[in-house]
Structures are given as structure tokens and as C-alpha cells.
Amino acid sequence: MDLRMFIWSVLMVTEKDMRIYYYKGSVVIFGLLFPFIMFLTFFIGRNLDLILFFPGFLGMMLFFSASSTGPLITPWEKREKTYERLVSLPVVIESIILGDILSGAVFGFVITTLVWIAGSFLLHLPLANPSVLIAALFLGSLAFAALGTLLSSPATNTPSNIMMFSNLVRLPLIFVSGIFIPLSQLGTWAWTNMFSPLTYLVDLFHTAINGDGVYSPVLDSAVLISVIFIFVVAAKTIQQHNLLSGR
Amino acid sequence: MNAIEAHNLYKSFGQVTAVDDVSITVKKGEIYGFLGQNGAGKTTTIRMLTGVLIPDSGTVRICDMDILKQPLEAKMHMGVIPENGTVYADLTAEQNILWTAKCYRMDRATREKKAREILIRLELDGRKDDLVRTFSKGMRQRISIACAIVHSPPVLFLDEPTTGLDVISRRLVIDTVRHMNREGSTVLITTHNIEEASALCSAISIIHKGKIIATDSPEKLRKLFDTSGFIEISFEQKITGRTLITGGISRAEPLGDKWRVYTDDADRAVKDLAKIAEQNNLKIVSVATSTPTLEQAFIEMTEGA
């Protein structure tokens, strides 16, 4: 397969997703409003240190924004029957998966970067490790965009079913990933956080902003890279199976 | 070189065999019809030919490129109008065409020029900036066609392109298919509309229960059943079908204000009908003999299979 043709096909899928899905109601609600409201729910009325909490907020913002478009795209296209048209264009299943991931990652990256810039101006946030911040934004957006695409892979043409399913997976993760309670203060529940990929992203943000990460940034990055790989392979396996079974 | 070559395609869904050992060869420049009843396996076959569905076994080559081994290269050579002619409802008519053209790696100037030409040809230039979601079914189908032909594909697949369309849209679709064929595109069209297939195609395959039961030109398929014909006759008076059954007429059925009588010997049947009219004091308003249509050939084949 011609590599340039393949890259072009990925970019075309991304362009289409950006034009169509960034403005969908569920993306705005679950990708933008939901993390803000969630944060305010936990923050308002408590005497909490905002700077200590900001890495967790950034992690949650990136997690929800990057994983919000993926679950919508494939079920929406299957319902509208545009998926069949897309597959008949010069694209392959890998271009569709990577294109969907890229569109989710760009959405998450841009939104979270804007939130970080606003936070830096308003709260005078520290920045202990700029390169770790870039790595966190880059790897986190790809990892959770891949999660979004994986969640949309089961054969269904009902977007609301997948949105419900994706929230069932996403919501528990924010409680065990050191967002509202720093990892160092989780105590006897600390063992639960290691199973959530979000833990490692939040830890990277802690290292980047306050310099108080629990794990080494190399370990955090390695886990996120592994997660990207696992999610992409799983999404490809499921979508390939769908293509074989005609669903 | 053949434009489309499929060998021994097989696809089953659970216990149901949708396509059973289907092989198709479409010569360059041909308009090839794929005719069958609903559920016969037409759409499953076209989905395998276009790379939308992976066959359980068999091979597909488009312009000598294997659709499974060189999917991007093969797809660059084809345009597809899927069943229901779906396009992106949240994009405008022009955005749909331009984005599709970009997928085929056309440069900006060419894709804008082609989009303009096609929008005019399909009588949609006045609505080019409107979202497709505001369009009627016929207009959406025309946008679907515009997307499929924007890169002047060597091979064009159309899956039931005129189903449910109004007369104007239908005419535009048929004219566009003919135009694309004149411009050098090979066309494979699936349909259950026999008249359409007969008028458009130079070769037809009839698929029934997942198997191809006949492949030939429309004329030759019709000739296969040339041993029987029918006569359409109308009388000024009302009659019953029994009145018309004689030695040379095997069956009579009402057809609006006429009767269609089936016979193996048209000359003898006409004489018999004249005799019946005279005996019963019936005044003949009109009489016309006819040879079997492709529709009859199709019914005979699928009922016999």
C-alpha cells in the first residue's frame, strides 16, 4: 500500500470528522460542559487549593474532550448510512480508525491547551516541566481519542447507546485516577488507580505543573503509549470483524 | 483488459448463504446490469466488488488491481453510488462534492471546476450552498451521483440508483449513466427494474437466491423464451376470460380494459380471436401481438430456478 495515499486518506477522514462532528450536541455537552460542571461540583464550597487540583482538572478536561467525538462518529455514520459511502472511497479501515482518533485528539489537544493557557493567566500556575506538559497533552489526547474510537467500534447504528456505554466506562475512571484526590493521598485505595490509564495522564500533568508526580514521567508515557497501541489494535480487530460480518 | 473481474465470490451470514459462487467479468466500456429480486444477493455482491464487505472466499479485481490486496489503488479507479444514495447531510451540496474530490487527490482548481460542471449538469447549481439535510430524496441521490463521478472514474458502480425517485431525477440519473459511459466509464448497475436494465445495459446477469442463473445480452435473454408470445386485445363489450380460451390460446388475463392472451402460435390465435368475436357479436377495438419481454424472461428464469 502506498504510504502517501494512506496518510492522505487518514487526513481526509480527519477533515470530514472535524467539519461534521465538532459541532454535534453530544460532543459539546460531554466534551466541554461535562468536565467543567463536574469540576465545579467538587470544587465549589470546599476550601481546596486550586493549584493543587489544576493538574487533575486538566487531565479530566483532556480525557473528556479527546474521547467525546470518537464514540459518536461510527454509530452516527452507520445510522445515516454514510459509513458505506466512506468505506467505498479510497480509504481502508485503518485510515478510518486513525482519522477518527486524530480528529478526537486535535479536539482534546486544542481545548485542553486553551484551558491551560487561561488557567496560567488567571491563576498564575507554575510550570515545572514544559516538555512533560507537551508530552502529556500529546500522548493524553491520542490515548483517549483512541479510547473513544474503540468504544464506538461495536456494531451499532444508535449513537445514544454508544454515548451511554462510553459514559459507563469513562465516569468510574475519573474517581480512581487522582483527579479529585491526589494519588499521594488515596491511602488504602491507592491500588485501584494503577488500572486506569487516566492516572498516568494526571500524574504527568502533576509532574509538568507542580513537579509533584508520583510515578516517573517515563513510566507514565510508556503506559500511555501502550494504551494507544492496545486501543488501536482492539478497535481495528472489532471493525475488521464488522466488515467481515457485514454489520 | 477487463474493467471488473470477480471470481467465485461466496458470502454467508450465519446459516444464510447470500452469495454463492458468483463470478462476473465486465469488459471495459460496457454497461453491465445485475438483475434480481429483492434479497437475491445484488447488494451483497456489489458491496464485495467495491470493498465494503469482505467475501468469505473469492477474488475481485478492478482495472487489474485486487480490491483486498491493493484497496486504495483499486478504489481510486472507481466511483460508487450505494443503495439509498447517502451523502453527508451536515455538509452543503458543494462541500460534499469537493471533499469527495479531495479524497481522490484532485487538485483544488480541477475539483472546483468539476464540481461546478457537475452541479450544473445535475441541475443543482442553485442549491450548492444549502445543507444536504434540506434536500429531497431525488436531490440527495443526484448529489450522491455527483460525488461518485467527480473524478471521472474508469469504473462506476450503481446500486439501485433510481429506486423511489421522481421522473425528473430518474431521467437525470439515467442520462448521467449514459453520459459517463460515453466518456469512457465502465458501468455496473444493480436493479430490479427490468425496463431500465433492458434500455441501458449491453449485458445482463440475472441473480437468484445468491447464484447467477443467466448472463447474456438483453436481446439474447429475451430470445431464450421466444417460443411463446402474447396478444393484447380489447372489445367494445364486456366479456369473461373463458370466452377467449380456444385451441390456440392457453391462458387469458385481464389487463386494464384489455385482455392479454398467451399463445405458442400467434397467427393461429389471431384467427381464433377473430372467429370468437364473430360468433359472439363482439366488436374488436384494438389488437396487438407482442414477443416476450425481458420481464417475462426474468420471471420464467427465476420461477424455474
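Using Cα centres only, tell me the gap between region A:1-28 and region B:74-150 in whole Å.
So the separation of the two Cα centres works out to 18 Å.
Over the Cα atoms of region B:4-118, what Rg and Dmax result, in angstrom?
16.3, 51
Along the charge dipole of chain A, which of A:Thr199, A:Leu168, A:Pro154 sits closest to the positive end, that is, farthest toward it, with unit charges on the beta carbon of Lys, Arg, Asp and Glu (+1, +1, -1, -1)?
Of the options given, the answer is A:Pro154.
Size of the dipole of region B:229-304 about the Cα centre, Lys and Arg at +1 and Asp and Glu at -1 on the beta carbon, nothing else charged, in debye to 20?
Using only the charged Cβ atoms, the result is roughly 360 debye.
With chain A treated as a Gaussian network of Cα nodes joined by springs under 10 Å, which of A:Ser120, A:Ser88, A:Ser65 yields the largest mean-square fluctuation?
A:Ser88
Using a Cα distance threshold of under 15 Å, what count of lysine pairs results for region B:229-304 when pairs must be 8 or more residues apart or interchain?
Lysine pairs, 8 or more places apart or on different chains, close enough: 5.
Counting Lys and Arg as +1 and Asp and Glu as -1, what is the net charge of the other residues whose Cβ lies under 15 Å from the Cβ of A:Phe231?
Cβ neighbours under 15 Å give a net charge of 0.
Dividing the alpha-carbon radius of gyration of chain A by 2.2 N^0.38 Å (N being the number of residues), what value is obtained?
Taking N as the residue count of chain A, the ratio is 1.01.
Which three extents, in whole angstrom, do the alpha-carbon atoms of the protein assembly as shown cover along their principal axes, largest first?
Computed over the Cα atoms, the extents are 110, 46, 45 Å.
Can you tell me the dipole magnitude for the protein assembly as shown around its Cα centre, using point charges on the Cβ only (Lys, Arg +1; Asp, Glu -1), in Debye to the nearest 20?
In total the dipole reaches around 460 debye.
So what's region B:229-304 giving for Rg/Rh, alpha carbon basis, Kirkwood Rh from the mean inverse pair distance?
The Rg/Rh ratio comes out at 0.99.
Tilt of helix A:217-245 relative to the longest C-alpha principal axis of chain A, in degrees (0 to 90, nearest 10)?
20
What's the angle, to the nearest 10 degrees (0 to 90), between helix A:34-43's Cα axis and the longest principal axis of chain A?
It is inclined by approximately 20 degrees.
If the viscosity is 1.002 mPa s and the temperature 20 °C, what Stokes-Einstein diffusion coefficient in µm²/s follows for region A:134-247 when Rh is the Kirkwood radius over Cα pairs?
Stokes-Einstein gives a translational diffusion coefficient of 141 µm²/s.
Can you give the charge dipole size of region B:2-218 about its Cα centre, rounded to the nearest 20 debye, using +1 on the beta carbon of Lys and Arg and -1 on the beta carbon of Asp and Glu?
Charge dipole, region B:2-218, about its Cα centre: 360 debye, nearest 20.
So if the hydrodynamic radius of region A:1-63 is defined as the Kirkwood radius over C-alpha pairs, what does Stokes-Einstein give as its diffusion coefficient at 10 °C and 1.306 mPa s, in µm² per second?
In µm²/s, the coefficient is 110.
Using only helices, what value at 222 nm comes out for the protein assembly as shown when you add -39,500 (n - 2.57) per DSSP H run of length 4 or more and divide by the total residues, to the nearest 500 deg cm²/dmol?
-16500 deg cm²/dmol
Lys and Arg at +1, Asp and Glu at -1: add these up for the other residues within a Cβ distance under 10 Å of A:Ser103 and post the number.
Here the count lands on -1.
Project the alpha carbons of region A:39-105 onto their principal axes and report the range along each, largest first, in whole Å.
That gives 56, 20, 10 Å along the principal axes, largest extent first.
Angle between the Cα long axis of helix A:197-209 and the longest principal axis of chain A, 0 to 90 degrees, nearest 10?
50
With a cut-off of 8 Å between alpha carbons and a minimum separation of six or more residues, what is the relative contact order of chain B in percent?
Taking the mean separation of contacting Cα pairs over the length of chain B, I get 20 percent.
Hey, if you put +1 on the Cβ of every Lys and Arg and -1 on every Asp and Glu Cβ in the protein assembly as shown, which of A:Ser216, B:Val19, A:Leu86 ends up farthest toward the positive end of that dipole?
A:Leu86
Would you mind calculating the relative contact order of chain A from Cα pairs under 8 angstrom and at least 6 residues apart, reporting the percent as a whole number?
26
On a C-alpha basis, how far is the centre of region B:260-278 from the centre of region A:39-62 in Å? Whole number, if you could?
93
Could you check how many percent of all C-alpha pairs in region B:2-218 are farther apart than 31 Å?
Tail of P(r) above 31 Å: 17 percent of Cα pairs.
All of the numbers you see were taken from the coordinates with simple rules; none came from a lab. Keep in mind it's a predicted model, so treat the numbers as computed, not measured. Cβ sites come from the backbone with ideal geometry, for glycine too, and all protein chains shown count toward neighbours.
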